[in-house]
């Protein structure tokens, strides 16, 4: 499996509520893109403001949690390669990229592809 992962920070000055309101439309656009591209799975999570996160940051010296994480899974790199030049996919990606600067701190965020080597279901 190949995953596209976005670890996103909200734009400075933007409230959590406003970020999540704008994220809703962004997530829907990515959901539609994932369906059109033959992706196997899409998942979204939000960073939590909880004591455990603060303890980790203080004891380990890490950065604040990301505001949101989006992941999309495809069977293989070949599956991505098969759709990357389709006009409908390129148009969807362009529309998504136009949304990002409105509510994302792009320089504080990270977008990348990763392989999934091990998947262990523990329960």
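The values are calculated or read from the model by the stated rules, or taken from the named source; none is laboratory data. What you see is a predicted model; the values in this text were computed from it and never measured. Cβ atoms come from the backbone with ideal geometry, glycine included; neighbour counts cover every protein chain shown.
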I need a count of the residues in the stretch 99-123 that are exposed (fewer than 10 other Cβ atoms within 10 Å of the Cβ) and part of a helix (DSSP H, G or I). 1
Kindly indicate the residue of the stretch 50-71 that is at pLDDT below 95 and in contact with a helix residue (DSSP H, G or I) (Cβ under 8 Å, 6 or more places away or on another chain) and also surrounded by the most Cβ atoms within 10 Å (Cβ to Cβ) among those meeting that condition. 65
Can you name every residue in the stretch 80-93 that is in a helix (DSSP H, G or I) and either over 24 Å from residue 19 (Cα atoms) or over 16 Å from the mean Cα position of the chain (by Cα) (or both)? 80, 81, 82, 83, 87, 88, 89, 90, 91
So residue 77 fits all but one of (1) over 14 Å from the mean Cα position of the chain (by Cα); (2) without any contact (Cβ under 8 Å) to a residue 40 or more places away in the chain; (3) surrounded by 10 or more Cβ atoms within 10 Å (Cβ to Cβ); what number is the exception? (2)
Of all residues in the stretch 32-44 being in contact with a strand residue (DSSP E or B) (Cβ under 6 Å, 6 or more places away or on another chain) and surrounded by 12 or more Cβ atoms within 10 Å (Cβ to Cβ), the one that is nearest to residue 96 (Cα to Cα): 34
Return the residue satisfying two criteria in turn: it lies in the stretch 1-14 and is modelled with pLDDT of 95 or more and more than 14 Å from the chain's Cα centre (by Cα), and of such residues it is farthest from residue 37 (Cα to Cα). 13
Among the candidates 63, 14, which residue alone is in a loop (DSSP other than H, G, I, E, B), more than 24 Å from residue 116 (Cα to Cα) and touching a residue at least 12 places away in the same chain (Cβ under 8 Å)? 14
